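Encoded as structure tokens, the structure appears first; notes follow it.
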Amino acid sequence: MCGITGLWLFNQNQGTDLKETVRKMTEALSHRGPDDSGVWVDESLGIGLGHRRLSIMDLSHAGHQPMASQSRRFIIVFNGEIYNHIELRSQIEVKLEGKKQWIGNSDTETLLASIEVFGLKEALKLSKGMFAFALWDRENKNLLLARDRFGEKPIYWGLLNDLGIAFSSEISALRRVNSFSNPLDEDAIKSYMHLGYIPAPQCIYKGLKQLPPGHIVEIKANSYDNAPEILPKPIAWWETSIEAFNQQIYLKKNKASSPLEHKIKSLKELLQEAVRLQSISDVPIGCFLSGGIDSSLITALLQESNSTKVRSLTISFPDEPKFNEASYANSIANYLGTNHTEIPLTSKDAQSLIPSLPNIYSEPFADSSQVPTHLLCREARQSGLTVALTGDGADELFGGYNRHRLAPLIHRRIGFLAPPFRRVLQTAIEHAPFKLLGISSDGLAQQKRQKLSAAIGAANSLEALHTVLLDSMPSEKGSKGTMSHLPNAGSPEEQIMLADLINYLPFDILVKVDRAAMAVGLETRAPFLDPMVAKAAWGLPLACKIYKKNGKTIGKWALKELLKDYLPKELFERPKAGFAMPIGSWLRGPLKDWANDLLNPTIVKRNGWFDPSEINLLWEQHLSENYDHINRLWPVLMAHAWLERWE
């Protein structure tokens, strides 16, 4: 895991010290790679590449980057891991009839050799891993950027005004260029206001973009002589929606090909293999254990494959019993026999961390679980771990979110009603007792009531319904955000799952984890995002993911079946909690002054992203304790904190 950056100057841009500029950009990523750094430049062509290294595989100098291929044609800066690189080496040796001579044991060297032997696209398809890399082709004088299938590793790229083309793992490196003055992008701001994050290809700055997951882009020499403002179009080498749809078509055509128990057994074997591959490391490795289905299964599989106790970590909230689920994780760790650490998180810890969030997330980002996630990563690193396995991706693949079950249900049962009838139902919900709605009468109840009312208003369209449920600033009338597009899938439930896999996972969940972990030089790995595991999930019938029991629909059935092999069901069968934290109550207490400053109507008006009167009302209602508006206030707080820091 590393940080990459680079700059390609227009016409060698007289007056720019290329090597020094790339060095400064690279140093901005030192947190992503504390173990080594390197810069390579070709002054004659105005191209420079920079790299910061977190040593995971082959800790020797043989893994140093930027790295040249054996033929010297390609220069690469690589961020991530190729988990099956030993297998790829064997394929390369067969292809070259044993003539290949390896310098070291790094997966970067393997990737370069794969590109030379198989070509770029085939090398990408053969690779199981998470990555973002830049490849300079000395023969064709082209710069190629590539990103992994699901977007685990980030890469930003684009124009730095009239200076040239630049790329980096994080925007903070691009800001190190002296002439950086790209204006804010209005479309990206609108996306953030409704989602709490900025999806690819958008970036908070005009002229810059995020490379979408599963895409490559080729930047050719002299292509900007006449129209430097026009960027080349990225090309997909992997399309999640097509891969998933093809698996589901195959399932329909071959219903009798494999009994269900065989599919579940095959899924287990694929997960075991994914955990085995992702636990290969030359540095200490552990896992995050929340006590939920996903992390418990990964922890069980990791412990199963180790003869010694594996390290597991969880967050606790000792002062907030309603949010504290550490006891579940402790019970599971005791049963599995892991070496477990519980990390207590208090409001004081959050108070000390929150001001640094704009530095960790160099774009506006507003998933409040970013706070405990970063503290968990920080503690893991301080305890001696360099790599941690996570359960990310399981919810999107196996139907773990409430919206996967409830959105299609609301659409089927209410969507056919005419708008006037739905408005009557909305009014009834807005005034119904919480007990009648099945909602506990705490501050969070207002959030749930508002979401439910907005969902009913949009129930005639599955796309609109999904948009409302994702919107961070909805109203009872619905969402103001751009309508989400639902990909083709075998059922409405799987449409929403797949949409979340394509959008919510890479641009919220994986951004949260990548930045939180890399800020302290920790690598996280997600075995559920192994491509073979994903294909197996798409090939399962819907009932293996979302099933009905006693009149209720329950997600992640297949994973629960697998977990029964490792744990008694009373240790894990309970409602999904998510990685929530008591930030709402903290904003009324120790974080009140910080929030009050950022939500001041003068500040809100000056920044111009949100309506001052609306935000002031939300803040007053939140402070009254009759409402909990954390989901609507947190994006405002994070936006203003980011603007105060960077703009």
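Quick notes on this one:
- The chain, accessible area per residue, ligands and nucleic acids excluded (1.4 Å, Å²): 41
- Spin-label model distance (nm) - residue 235 vs residue 613, 7 Å beyond Cα toward Cβ: 5.3
- Largest to smallest principal axis extent of the C-alpha atoms in the stretch 559-619, angstrom: 58, 24, 16
- The simple spin-label model puts a point 7 Å past each Cα toward its Cβ; for residue 282 and residue 117 those points are separated by 2.0 nm.
- Span per principal axis, largest first, for the Cα atoms of the stretch 239-332 (Å): 53, 37, 29
- Cβ crowding within 10 Å averaged over residues, with 448-460, 306-318 ranked highest first: 448-460, 306-318
- At R0 = 22 Å, FRET efficiency that the Cβ-Cβ distance of residue 20 and residue 102 yields, to 0.05: 0.05
- The separation of the stretch 299-350 from the stretch 506-584, counted between C-alpha centres, amounts to 16 Å.
- Distance distribution note for the stretch 106-223: the fraction of Cα pairs above 17 angstrom is 60%.
- Kirkwood Rh in Å, taken over the stretch 289-427 so that all alpha-carbon pairs contribute: 17.9
- Theoretical FRET efficiency, 1/(1+(r/R0)^6), r = Cβ-Cβ of residue 485 and residue 424, R0 25 Å, to 0.05: 0.25
- Whole-percent carbon and sulfur share, accessible surface of the chain, 1.4 Å: 50
- Under 16 Å from the Cα of residue 268 - lysines, other chains or at least 8 residues apart: 535, 545, 556, 560, 564
- Pair-distance distribution P(r) for the stretch 505-620, from all Cα-Cα distances in 10 Å bins starting at 0: 10, 22, 28, 19, 19, 2 percent.
- Kirkwood-Stokes translational diffusion coefficient of the stretch 291-362, alpha-carbon pairs, 10 °C, 1.306 mPa s, µm²/s: 115
- Between residue 180 and residue 592, the simple label model (points 7 Å from Cα in the Cβ direction) yields a spacing of 3.8 nm.
- As a calculated quantity, the FRET efficiency between residue 61 and residue 266 at R0 = 35 Å, using C-beta atoms, amounts to about 0.25.
- Relative packing of 179-187, 22-30, 608-616, which averages over residues the other C-beta atoms within 10 Å, highest first: 22-30, 608-616, 179-187
- Rg/Rh for the stretch 368-414, where both radii come from Cα atoms and Rh is the Kirkwood radius: 1.25
- Peptides 259-270, 329-340, 495-506, 527-538 ranked from most to least packed, by the mean per-residue count of other Cβ atoms within 10 Å: 495-506, 527-538, 329-340, 259-270.
- Compactness of the chain is given as radius of gyration and Dmax, 24.6, 76 Å, from Cα positions.
The values are calculated or read from the model by the stated rules, or taken from the named source; none is laboratory data. Note that the structure is a prediction, hence the values are computed from the model and not measured. Cβ coordinates were reconstructed from backbone atoms using ideal geometry, including for glycine residues, and neighbour counts include every protein chain displayed. Side chains are part of the model used for accessible areas, which takes the heavy atoms of the whole protein and leaves out ligands, DNA and RNA. Shrake-Rupley method; radii C 1.70, N 1.55, O 1.52, S 1.80 Å.
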